[in-house]
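J.: A single structure is presented below for examination.
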Amino acid sequence: MKIGFLGGGNMATALIGGMIERGFAAADIRVVELDPGSRERLEARFGVTTTATPDARVFAADVVVLAVKPQQMKAALASFAGQVHDALVISIAAGLRLADIGRWLGKDGAPCQRLVRCMPNMPALIGAGITGMYAVPTVDDAGREAAAKILAAVGATVWVEEEAQLDAVTGISGSGPAYVFHFIEALEAAGVAQGFDAVTARRLAIETVLGSARLAAASDDTPATLREKVTSKGGTTAAALARLAEAGWHDALLDAVNAASVRGRELGEQFGKD
Ligand SMILES: NC(=O)c1ccc[n+]([C@@H]2O[C@H](COP(=O)([O-])OP(=O)(O)OC[C@H]3O[C@@H](n4cnc5c(N)ncnc54)[C@H](OP(=O)(O)O)[C@@H]3O)[C@@H](O)[C@H]2O)c1
């Protein structure tokens, strides 16, 4: 399977690294990347070939992964118009809708049809991401499998039924790492307020999140049951959770996820304009 990447930045680097670890051949990967330093790094690190502008070999790839920033996409696809015929096109750009990408890739009013849109998240950079995926109905099982195999190189994958659900995925797992980092920051600040130095407080906070997430992933219990198990009546955890409830922590998170989803939709509309 020949794979072309448009954009060779952070996310493309993570994907390519994961793919090569899982047995994809470097010789089958060609990356279009503007920045000469990034091109050099990709070639030296992975042995893939790179090019500054798209060429016939990229257009003829079996799969083309679109990995430039959403605001760069329209300009970056200008030279692709009408050039990609049978390739499966996978966009990882946040917010951008497939109808817009298909239109930019197509020619003379005939949009590109084999499109998959994905929303990965930042832990993909260490192979621990989760990616929401949506394929237009014209993508067959083989196309879905190929897309899932590529995104599985950086973590877990989940298919959604409707493209609009990817805005919700953006709000939950796409932006989610920032909520978790914010939580870690706050727990660290609480540790400092209790008299610990910042290094110790950060270690206590990070290991708590890491261990709890690993336990939740490994356990047959739901997170709610695990929470109940650690909360004795009248105990320390109960005192803390009562304060979080009073502060409206749960509802604030629901609002936050909704705000991110709405913003994702708005950005998709903004960057998808002709
Ligand atoms: N990073 C994340 O956590 C994350 C999570 C979910 C989704 N995503 C999505 O993944 C995509 C890539 O994000 P990223 O963080 O990897 O961005 P990035 O590091 O900025 O990578 C994009 C790369 O594409 C290059 N580029 C721009 N226009 C180009 C063109 N016309 N031809 C060839 N190369 C071009 C950029 O070069 P210049 O720097 O010179 O412009 C840059 O090196 C984005 O659409 C983003 O929404 C990222």
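J.: Report the residue count in region 212-267 for those that are touching a residue at least 40 places away in the same chain (Cβ under 8 Å) and in contact with a Pro (Cβ under 8 Å, 6 or more places away or on another chain).
T.: Residues that pass the stated criteria total 1.
J.: Taking the residues in region 79-90 that are free of Cβ contacts under 8 Å to residues at least 40 places away in the same chain and outside any helix (DSSP H, G or I) as candidates, determine which candidate is farthest from the ligand (Cβ to nearest atom).
T.: My answer is 86.
J.: Right, another one. Out of 96, 125, 115, report the one residue that is within 19 Å of residue 4 (Cα to Cα) and in contact with a helix residue (DSSP H, G or I) (Cβ under 6 Å, 6 or more places away or on another chain).
T.: Working: 96 fails: within 19 Å of residue 4 (Cα to Cα); 125 fails: within 19 Å of residue 4 (Cα to Cα).
Within the list 96, 125, 115, the selection yields 115.
J.: Can you give me the number of residues within region 98-130 that are in a loop (DSSP other than H, G, I, E, B) and either surrounded by fewer than 21 Cβ atoms within 10 Å (Cβ to Cβ) or within 8 Å of the ligand (Cβ to nearest atom) (or both)? Before you say what the answer is, go through the steps one by one.
T.: Initially, region 98-130 is screened for residues in a loop (DSSP other than H, G, I, E, B), giving 106, 108-109, 111-114, 120-121, 127-128.
If we keep only those that are either surrounded by fewer than 21 Cβ atoms within 10 Å (Cβ to Cβ) or within 8 Å of the ligand (Cβ to nearest atom) (or both) too, we end up with 106, 108-109, 111, 113, 120-121, 127-128.
Residues that pass the stated criteria total 9.
J.: Limited to region 136-186, what total is found for residues that are over 29 Å from residue 23 (Cα atoms), under 11 Å from the mean Cα position of the chain (by Cα) and outside any helix (DSSP H, G or I)?
T.: The number of residues fulfilling the criteria is 1.
J.: In region 40-78, how many are in contact (Cβ under 8 Å) with a residue 24 or more places away in the chain and within 9 Å of the ligand (Cβ to nearest atom)?
T.: Of the residues in region 40-78, 13 are in contact (Cβ under 8 Å) with a residue 24 or more places away in the chain and within 9 Å of the ligand (Cβ to nearest atom).
Read-outs throughout are calculated quantities, based only on the coordinates presented, and are distinct from any laboratory measurement. Source: prediction; values computed, not measured. Ideal geometry is used to build each Cβ from the backbone, glycine not excepted, and the neighbour counts take in all protein chains shown.
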